[in-house]
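**Student:** Handing you this structure, nothing more for now.
The values are calculated or read from the model by the stated rules, or taken from the named source; none is laboratory data. Keep in mind that this is a model prediction, so the values were computed, not measured. Cβ placement follows ideal geometry from the backbone for every residue including glycine, while neighbour counts extend to all protein chains displayed.
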Amino acid sequence: LPSDRLAVGGTTLSRDEPPSYVLERTFPGFFRKGTSVSLLSLGSRNLLLSLSDAVAFHRLPSLEAAVSLSKTKGASSYDWDDRRGFLCVGRQRKVIIYRHE
């Protein structure tokens, strides 16, 4: 490619042109007001990991709730290890480790 062109996905763009995005779907009421929110897409497992009042897994693309981890209520952080399927959650001076099978 010439230096002024950039390959994105299967499309070639000029470096001056930002890629365009098209709204696919909106899910009103997905989160409650006033809760901190963190989202992580687990593309290899077709899941969305969310943290609001607790950690929850949602199926993609429907966002149907797959599971909510009740022991993570009040969690402030998490990290996901995709290779091993480990979810580590920080909650009230504790670290909770789950393994997704």
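**Student:** Among residues belonging to the stretch 62-99 that are surrounded by 15 or more Cβ atoms within 10 Å (Cβ to Cβ) and in contact with a helix residue (DSSP H, G or I) (Cβ under 7 Å, 6 or more places away or on another chain), point out the one that is farthest from S44 (Cα to Cα).
**Tutor:** R91
**Student:** Suppose the filter is within 13 Å of the chain's Cα centre (by Cα) and at negative phi; does Y98 pass it?
**Tutor:** Considered against the rule, which asks whether it is within 13 Å of the chain's Cα centre (by Cα) and at negative phi, Y98 comes out as no.
**Student:** What pairs can you find where one residue is in the stretch 23-42 and closer than 12 Å to V55 by Cβ, the other is modelled with pLDDT under 75 and surrounded by 10 or more Cβ atoms within 10 Å (Cβ to Cβ), and their Cβ atoms are less than 7 Å apart, with a gap of 6+ or different chains?
**Tutor:** Short answer, once both residue conditions are applied: V37/F31.
**Student:** Determine, yes or no, whether S36 is at pLDDT 60 or above, not in a loop (DSSP other than H, G, I, E, B) and not hydrophobic (A, V, I, L, M, F, W, C).
**Tutor:** Against the criterion (at pLDDT 60 or above, not in a loop (DSSP other than H, G, I, E, B) and not hydrophobic (A, V, I, L, M, F, W, C)), S36 does not qualify.
**Student:** What do you reckon, is G85 touching a strand residue (DSSP E or B) at 6+ places or on another chain (Cβ under 9 Å), in contact (Cβ under 8 Å) with a residue 12 or more places away in the chain and within 18 Å of E101 (Cβ to Cβ)?
**Tutor:** Against the criterion (touching a strand residue (DSSP E or B) at 6+ places or on another chain (Cβ under 9 Å), in contact (Cβ under 8 Å) with a residue 12 or more places away in the chain and within 18 Å of E101 (Cβ to Cβ)), G85 qualifies.
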